[in-house]
């Protein structure tokens, strides 16, 4: 029997549309590999929908295509029937899941936690790395703990914090958003406060870093399979004074792959990437974003659900990428079975408590 692979995409996030591109691509790549795919789209309203039309990106052109609302049961997904969705139409057992949600709680540990709670193997990043690396400030704390060089920053929760910034220009970033949404350069205090007003409409906190005019932006993807971390060759990305949303997704930016790095630079970047993955036990496909400033190489961000799952860094074509996804799914299932074989402790301590012993009166 074909085991269903649930592909989660969309999400309560400003990156919902980008996630649709990634999610529908993964659905169709897995279908070409002979997998039974359950596309699960999360609308910006928070509704979970499942249906065959959701695997075709053209059906999203006029808005969200129709689909059945779903609920989750141990080991599977329950498709709900009726307009109110109050009764179960069918339960699909799920053999494994892939997270294609960009941003929000979908990338930030929510899907990882959901899969853990419903006892479904996940071929994507786990709860810890997802939640930690979704927040740019927490990312820096984790990296510093590992001895990995990263840019210093100020972490602000309100506009009043702008008084702590005295050296300009600076880069202002929402702490928990991706795809360069809300990222602005500020050359003075007035521009900083204006940028923070925008950030706090989008997010609860901001990260402020010094602006680096002569820099190189380098990306490196990685995945773990069979107990071994594999890193991709590096790419260099180019945009304007900042790498904007349009640079990334509308074709105004450009990339050079492989990046023109010295062997020492390439080795150092791929080595840092592998080290973080190994020491934290990072699962799934991830992308590490670096900045080179002179001789300094600093790790800036870790994307646990990178755009298009960084297939262009890891595979020559979509057929090869499909084979990689299948290997990661098989590996996730093996790891899940190993974890599930661990003993659960029951001490019988409840037997020592008398009936109604916890009543307040």
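Coordinate-derived values only; no laboratory data. Everything numeric in this text was worked out from a predicted model, so none of it was measured. A quick note on method: Cβ atoms are made from the backbone with ideal geometry, for glycine too, and the neighbour counts reach across all protein chains shown.
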Using only Cα atoms, tell me the angle between helix 263-280 and the longest principal axis of the chain; keep it within 0 to 90° and round to the nearest 10. 40 degrees
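If R0 is 51 Å, what FRET efficiency do you get for residue 202 and residue 337 from their C-beta distance, rounded to 0.05?
Numbers: r = 41 Å, r/R0 = 0.80.
For residue 202 and residue 337, the calculated efficiency is 0.80.
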Counting DSSP beta bridges in the chain, what percent are antiparallel, to the nearest 5? 80 percent
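Apply the a/c threshold of 1.5 to the C-alpha gyration tensor of the range 292-347 and tell me whether it is rounded, prolate or oblate.
Since a/c reaches 1.5 but b/c is at least a/b, the shape of the range 292-347 is classed as oblate.
Would you kindly calculate the translational diffusion coefficient of the range 107-161, applying Stokes-Einstein with the Kirkwood radius from alpha carbon pairs, for 10 °C and a viscosity of 1.306 mPa s, and quote it in µm² s⁻¹ without decimals? Walk me through the intermediate numbers first.
On the way: Rh = 12.9 Å.
Taking Rh from Cα pairs, D becomes 123 µm²/s.
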Mind jotting down the distance between the C-alpha centroids of the range 137-180 and the range 14-60, whole Å? 33 Å
Output the direction-averaged projected area (hull surface divided by four) of the convex hull of the alpha-carbon atoms of the range 65-166, in nm². 10.3 nm²
Relative to the longest principal Cα axis of the chain, at what angle does helix 318-340 sit, 0 to 90 degrees, rounded to 10? 60 degrees
Find how much the distance from residue 228 to residue 116 grows on full extension, using 0.36 nm per residue of separation minus their present alpha carbon separation; answer in nm with one decimal. 38.0 nm
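Using helices alone, I'd like the mean residue ellipticity at 222 nm for the chain: each DSSP H run of four-plus residues gives -39500 (n - 2.57), total over residue count, nearest 500.
On the way: 9 runs with 106 residues, N = 361.
Calculated at 222 nm, the ellipticity per residue is -9000 deg cm²/dmol.
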What's log10 of I(q)/I(0) for the range 4-124 at q = 0.19 Å⁻¹, Debye sum over Cα points only, no solvent? -1.00
Nearest-0.05 FRET efficiency for residue 262 and residue 31 at R0 = 41 Å, using Cβ-Cβ distance, is 0.50
Residue order, fewest to most beta carbons within 10 Å, for 18, 349: 349, 18
Between 0 and 90 degrees, rounded to the nearest ten: what's the tilt of helix 16-32 against the longest Cα principal axis of the chain? 60 degrees
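Using only the Cα atoms of the range 1-41, construct the convex hull and provide its projected area averaged over every direction, in square nanometres to one decimal. All intermediate terms of the calculation are to be shown ahead of the outcome.
On the way: hull surface 10.2 nm².
Averaged projected hull area, Cα only: 2.6 nm².
Determine the gain in length on full extension of the stretch residue 88-residue 351; use 0.36 nm per residue of separation and subtract their C-alpha separation, reporting nm with one decimal.
Details: separation 263, 0.36 × 263 = 94.68 nm, distance 3.72 nm.
Length difference between fully extended and current span is 91.0 nm.
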What is the log10 of I(q)/I(0) for the range 125-314, computed with the Debye formula using one identical point scatterer on each Cα and no solvent, at q = 0.13, 0.18 Å⁻¹? -0.67, -1.29
